[in-house]
Amino acid sequence: MKRKTRLVHKGRNPLLHGGSVNPPIYQTSTVIHPTLESYHAAERGKAYYEESQGGNALDFSYGTAGTPTTFALQEALRDLEGGEACVITSSGLSAITIALLSFLSAGDHLLMVDTVYGPTRRFCNKVLKRLNIDTTFYAPNIGAEISELIQDNTKIIFMEAPGSLTFEMQDVPAIVKVAKSKNIITMLDNSWATPIYFNPIEHGVDISLQAITKYIGGHSDIIMGAIITKGDDVTNKILSYYRNFGETAEPSSCYLALRGLRSLSARMERHQRSVFTILRWLKERPEVAKILYPALEGSPDYKRWKELFSGAASLFSVVLDKKYTQEQLSNMIDGMKYFGIGASWGGYESLVLDFDPSSIRTATKWEETGSCVRFYIGLEDTDDLIEDMGNAFDRL
Ligand SMILES: *Cc1c(COP(=O)(O)O)cnc(C)c1O
């Protein structure tokens, strides 16, 4: 089965659910079993995520471990990412923090990409630091030279490609090669590309992380994350650890995530077409000094993106021609008609925010002097979006 077909058919077994095309929302805490034997078998933890492939719906003992709705989402995402197991968490950030804490102990060392999603960085600096776990941030373009940063106590190399806000690519194969030679676990935050456009696990990464909140949810109405693992040791560790955190995802949100997932390939194709249309127009605007987007020919990361990814998402940033005051930026952005001012992305509606990368980099220095603006391109007509952006630049 090709990926787009799997996207439609995996994690779904109508005959287990009264013929219903979509697995229903199992809204439950207690799970009643017919016998003690059945209950204890479930408690010992059978392969709970296999339920949607035809396993016994009673293979779970309590709602916190997930319900058949959760298992259906797990199975669909596990398959798409090419992993061996998938666990669903209450947010994208908690997928990241649980994955990290499942492996790190006091005295360990972590290598973290400098362009990582801000809250992941904060978790390292606030929580891991207090637990006596040391983080070294590394430049996103480091490649095989990451070997020079590895210490005897390095347990994890964490990647995000492309990076948050500034969209630098990483040499994933080179980093994975070094990590494997030293028995270091690799993780990659794959929220931007989604499993439609990149499969970290196929490139040897041990754990792929998703903020389902973004493109997979796709409608700005749920918060959820996923940890997808490959390899026995890594998989067993995640499966035996994540439940200790009291993490669980609401079945109703799992239902919405599955519903979003089914249309992911169609939405991503459309997002991609729109973003390229908009970037062709944007390149000619005199207010734009630089476009930060790896899928743009001429971008320093274009070659790497082309080698690894099969497509591009619709989130990018621009560096403006000079430093503008907050008032000037407000004048530009506040009056936009279709671009909402707000965090997150991945929904059907376009978004915009200004940001300053200089304060959130430590391994690298941000050399650009112009103000930065991030755009998320939704599913609106690109003519309308271009008109809105044009008016915004005129106001600026
Ligand atoms: C938003 C985001 C997350 C976190 O997802 P939440 O569900 O909002 O916690 C993680 N990584 C990246 C790259 C993100 O953009």
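The numbers here are math on the coordinates, done by the rules we state, and not lab data. No experiment lies behind these values; they were computed from the predicted model shown. Backbone-built Cβ (ideal geometry, glycine too); neighbour counts: all protein chains shown.
Quick one: check the C-alpha center-to-center distance for the stretch 173-237 versus the stretch 114-138, whole angstrom.
18 Å
Going by average Cβ density within 10 Å per residue, which order do the peptides 99-105, 142-148 take, highest to lowest? The partial results should precede the final answer.
Working: 99-105: 20.6, 142-148: 16.1.
Going by the mean number of other Cβ atoms within 10 Å, highest first, we get 99-105, 142-148.
Taking the simple approach of a point 7 Å from Cα along Cα-to-Cβ for both His219 and Ser310, what is their distance in nm?
So the two model labels end up 2.6 nm from each other.
Kindly rank 200-206, 228-234, 126-132 from highest to lowest mean number of other beta carbons found within 10 Å of each residue.
Working: 200-206: 22.0, 228-234: 19.4, 126-132: 12.4.
Highest to lowest by the protection proxy: 200-206, 228-234, 126-132.
What number, rounded to the nearest 500 deg cm²/dmol, is the helix-based mean residue ellipticity at 222 nm of the chain, given -39500 (n - 2.57) per DSSP H run of at least four residues and division by all its residues?
Values: 13 runs with 129 residues, N = 396.
Dividing the helical sum by the residues of the chain leaves -9500 deg cm²/dmol.
How far apart, in nm, are the 7 Å Cα→Cβ label points at Trp281 and Ile386?
Label at Trp281, label at Ile386, 0.5 nm between them.
What's the tally of Lys pairs in the stretch 134-251 whose alpha-carbon atoms lie under 14 angstrom apart, where the two lysines are 8 or more places apart or on different chains? Don't skip to the answer; put the middle values down first.
Values: Lys155/Lys180; Lys155/Lys182; Lys155/Lys237; Lys180/Lys230.
For the stretch 134-251, qualifying lysine pairs total 4.
Over all distinct Cα pairs, what is the inverse of the mean 1/r for the chain, reported as the Kirkwood hydrodynamic radius in Å?
Values: mean 1/r = 0.0456 Å⁻¹.
For the chain, inverting the mean 1/r across all distinct Cα pairs yields 21.9 Å.
Give the cross-link partners of Lys365 among the aspartates and glutamates, using a straight C-alpha distance below 13 Å as the criterion and excluding same-chain residues fewer than 8 apart.
Correct list for Lys365: Asp114, Asp356.
Quick one: length gained pulling Ser38 to Ser344 fully straight, 0.36 nm per residue minus the C-alpha distance? Mind dumping the intermediate values first?
On the way: separation 306, 0.36 × 306 = 110.16 nm, distance 4.29 nm.
Taking Ser38 through Ser344 to full extension adds about 105.9 nm, to one decimal.
If packing is taken as the mean number of other Cβ atoms within 10 Å per residue, what is the order of 78-88, 290-300, highest first? Display every interim value, and only then the final one.
Numbers: 78-88: 23.5, 290-300: 17.0.
Answer by packing, highest mean first, reads 78-88, 290-300.
log₁₀ I(q)/I(0) of the stretch 60-132 at q = 0.12, 0.16, 0.18, 0.19 Å⁻¹, via Debye over equal Cα point scatterers, no solvent, to two decimals?
-0.45, -0.73, -0.85, -0.90
Can you pull the Kirkwood radius for the stretch 149-193, inverse mean 1/r over Cα pairs, to one decimal in Å? Mind dumping the intermediate values first?
Numbers: mean 1/r = 0.0891 Å⁻¹.
Radius from the Kirkwood sum: 11.2 Å.
Kindly work out what percent of the DSSP beta bridges joining two residues of the chain are antiparallel, to the nearest 5.
Details: 25 of 44 bridges.
The antiparallel fraction comes to roughly 55 percent.
Tell me the label-point distance for the pair Thr369, Ala266, using the 7 Å Cα-to-Cβ offset, in nm and rounded to one decimal.
If labels sit at Thr369 and Ala266, their model points lie 4.9 nm apart.
Top mean-square fluctuation among Ala174, Ala139, Ala266, Gaussian network model of the chain, C-alpha springs under 10 Å?
The residue with the greatest mean-square fluctuation here is Ala266.
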